[in-house]
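To start, the structure under review is shown below, and the notes come after it.
The values are calculated or read from the model by the stated rules, or taken from the named source; none is laboratory data. Everything quoted here is computed from the prediction, not taken from an experiment. Here the Cβ positions follow ideal geometry from the backbone for every residue, glycine too, while neighbour counts run over all protein chains shown. With ligands, DNA and RNA removed, areas are computed over all heavy atoms of the protein, side chains included. Shrake-Rupley method; radii C 1.70, N 1.55, O 1.52, S 1.80 Å.
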Amino acid sequence: NARANSLPFRNASFDFIFCVNAVHHFDDKPGFIRDAFTLLKPGGGLAIVGIDPRTIRKRYIYDYFDTTLPTDLARYPSFGQIVDAMSEAGLEDINHRILHVWRDRLHGREVLSDPFLQHDSNSTLALLSNEQYRIGLERINEAAKANAVFETILPFGMTTGRRSPWDSILRLT
């Protein structure tokens with residue numbers, strides 16, 4: 001158990017580092033990727049899975065909670081920023097792809113049973129003050145009474161890169 005930007009491991013300790021839906025919580029996202037590079041053995045791989053709010057086609061909470069989209073845009077790196085940080089760190093064979101698109105469509109009051117609508121269910125809503133959350137929930141309740149459709153289309157991307165298998169030899173010359 002450690003902070004992402006001060007991992008207590010020796011360099012070249014891992015064959016694979018996998019980060020799932022967490023990089024947006026790290027203090028220094030490019031720094032984490034640089035640190036991951038040094039923790040990888042030559043030939044080792046890094047995979048970062050998560051979302052990029054810039055690619056979300058629809059997320060109903062953004063429609064009802066005013067500050068959620070701007071907040072997410074500020075804290076989530078874009079998929080391109082992750083690719084760039086991997087390249088700058090020295091990783092090779094960098095690839096990005098959409099792993100899965102989560103789709104959800106709720107009608108009317110059905111939305112009120114959505115577990116992702118709970119204040120502490122995800123970091124996007126958990127960052128809201130109680131008052132901001134209350135106001136957004138009131139908006140959702142009003143829309144639910146009018147039988148609104150609440151839709152989410154959320155692409156999950158994976159960006160991968162690997163440390164060159166020749167890296168330790170190249171660094172010695």
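Data overview
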quantity	calculated
Phi to ³J(HN,Hα) by Karplus 6.51 cos²θ - 1.76 cosθ + 1.60 over the stretch 25-37, Hz, x for Gly, Pro	8, 7, 4, 10, 4, x, x, 4, 5, 4, 5, 4, 4
Cα shape, the stretch 54-100, gyration tensor, a/c 1.5 rule	oblate
Rounded to 5, percent antiparallel among DSSP beta bridges of the chain	80
Debye, to nearest 20: dipole size of the chain, +1 on Lys, Arg Cβ, -1 on Asp, Glu Cβ	300
Whole-Hz couplings from phi, Karplus 6.51/-1.76/1.60, listed for the stretch 87-100; x for Gly and Pro	4, 5, 6, x, 6, 10, 6, 6, 9, 9, 8, 7, 7, 7
Listed peptides 19-26, 47-54, 95-102, 107-114 by packing density, highest first (mean Cβ within 10 Å)	47-54, 19-26, 107-114, 95-102
For E88, solvent-accessible area (1.4 Å; no DNA, RNA or ligand), Å²	150
Unit charges at the beta carbon, dipole of the stretch 1-102: most positive-side option, Y62, F9, N95	Y62
17 Å Cα-Cα reach of K58 towards aspartates and glutamates, excluding residues that sit fewer than 8 places from it in its own chain	D66, D72, D104, D114, E151
The chain - convex hull of alpha carbons, volume per residue in Å³	112
Share of carbon and sulfur in the accessible heavy-atom surface of the stretch 64-162 [1.4 Å probe, %]	52
T160 accessible area, assembled protein chains, probe 1.4 Å, Å²	40
Over the stretch 1-42, relative contact order from alpha-carbon pairs under 8 Å, at least 6 apart, %	58
Cα-centred dipole magnitude for the stretch 69-154, charges only on beta-carbon of K, R (+1) and D, E (-1), debye, nearest 20	400
Furthest towards positive pole of dipole, T124, S113, S78, structure part the stretch 70-130, Cβ charges	S113
Overall form of the stretch 8-92 per C-alpha gyration tensor (a/c, 1.5; a/b vs b/c)	prolate
